[in-house]
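One structure is given below, encoded as structure tokens.
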Amino acid sequence: RERSSPSLQKIVLSHAGADDDLLPAMISLVQNRTGQRFPPLAVLIYGSQINKQALCQVASAMPDNSSVSFHHGLYSVKLGKVMRRTFAQRISSQIEQGIEEVDLSGYGMEDEHAEECASLLEGDHCRIKAVTMFDNSLHSRAATRLARALVSNSTLQALSLAENSISASGFISMATVLVESNKSLQWLDIKDNPIFGSSNVDSTVSSTEALGRLGLLVSRSCGLLYLGLANTGLGEEECRVLSEAFSTNTGSLTMIGLSRNAIGDKGATILSRGIERNTILHSLTLTENGIGEEGTAAIARCVKSREQSGSPLRCVWMSGNKADSSLFYGCMVDAGFSIAGILLAMKMYC
């Protein structure tokens, strides 16, 4: 009844179930709402049992100026700009509208879709500042193509490729561009990808090459501020490369995420030596790395040394390790860390 009404602007479905008649009715409604006389239509679905694939079918039929949102508990996605069959078209539309953030997360994107999107990032008219592509089916091929796009792109500031299947070769391509060409990207999150160590399944490149690019990315990048490497297979060998890179006290990196790896006591001790000689890095995350008392004490000494040198570490996260967090505070006391610093650290941990 309402599909031809020009006044209709919003549809809200709350706990609508998964009625077989609902989806065709929705598609029929939005397909008949084309033309300039219709305002943008927002469809909000709360707590319903409609699956993501079905929602994508509805979103695919939506006009470019409309959207479908799905909210279920803490899980909320906006489908109006995320459609598996029309990723490139939607990004192109957003570029024309001057939209600066694009979220393409969790919708089964494959390498060819990322390649289409990368070609749009190369244009001079692109003003997009942030692209999120986590939780898809992207491999090194997609990362390599996106890296090529960054050679000519000077507007993108944040890129998330977390929770994909990007291996060492994709990381190498991205690191090479960020060291040699791109100076505008400030935030790169590539966590939860099989890049280093035993998790790397890439037979096209050697682990030595990946380690070399990791060191260069940390020591020679000119614009990158944050690097997310949680759960990427980091171990003692990777910590040695990171330590050497940090000790050069060059590069632009101020924050690094190393959680959920296999750093352990030895890796933490090695890492602390390089960070102690660095004055640029101010935030470090080492949660869930199997770090015990030895590694905890080494990080605490590093924190104290940085404070005394006048370039303190602002945030250090070490929860979820073998040593209790209280031990970290105790080690800082033993190292002479100020009460104010301990209170700040406790606030950050909480």
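Points to keep in mind about this one:
- Residue match in the range 254-263 (condition: in a helix (DSSP H, G or I), more than 18 Å from Leu161 (Cα to Cα) and touching a residue at least 12 places away in the same chain (Cβ under 8 Å)): no
- Within the range 303-339, being at pLDDT 85 or above, within 15 Å of Glu276 (Cα to Cα) and assigned to a loop (DSSP other than H, G, I, E, B) holds for Gly310, Ser311, Pro312, Leu313.
- Near pairs, Cβ below 6 angstrom, 6+ apart or cross-chain, from the range 173-193 (in contact (Cβ under 8 Å) with a residue 40 or more places away in the chain) to any residue that is charged (D, E, K, R) and open to solvent by 30 Å² or more (accessible area, probe 1.4 Å): Ala175/Arg213; Val179/Arg220; Asp192/Glu163
- Taking (1) assigned to a loop (DSSP other than H, G, I, E, B); (2) among the hydroxyl-bearing types (Ser, Thr, Tyr); (3) over 17 Å from the mean Cα position of the chain (by Cα) in turn, Ser272 satisfies each apart from (1).
- Looking only at the range 183-212, and only at residues there that are outside any loop (DSSP other than H, G, I, E, B) and open to solvent by 60 Å² or more (accessible area, probe 1.4 Å), the one that is nearest to Ile172 (Cα to Cα): Glu209
- Check on Leu242, assigned to a helix (DSSP H, G or I) and either open to solvent by 10 Å² or more (accessible area, probe 1.4 Å) or basic (Lys, Arg) (or both): no
- Exactly one residue out of Gly215, Gly251 is within 20 Å of Ser311 (Cα to Cα) and open to solvent by less than 50 Å² (accessible area, probe 1.4 Å), and it is Gly251.
- Scanning the range 231-261 for residues that are in contact with a strand residue (DSSP E or B) (Cβ under 9 Å, 6 or more places away or on another chain) and over 18 Å from Pro312 (Cβ atoms) yields Leu242, Gly257, Leu258, Ser259.
- Residues within the range 100-117 that are assigned to a helix (DSSP H, G or I) and open to solvent by less than 30 Å² (accessible area, probe 1.4 Å), tallied: 4
- Any chance Ser167 is of a type in the set (S, T, N, Q) and surrounded by 22 or more Cβ atoms within 10 Å (Cβ to Cβ): yes
- The residues listed here are Ala300, Ala345; of these, the one that is part of a helix (DSSP H, G or I) and at pLDDT 60 or above is Ala300.
The values are calculated or read from the model by the stated rules, or taken from the named source; none is laboratory data. Keep in mind that this is a model prediction, so the values were computed, not measured. Positions of Cβ are generated from backbone atoms using ideal geometry, with glycine treated the same way; all protein chains shown enter the neighbour counts. Surface accessibility is based on the protein's heavy atoms, side chains included, excluding ligands, DNA and RNA. Shrake-Rupley method; radii C 1.70, N 1.55, O 1.52, S 1.80 Å.
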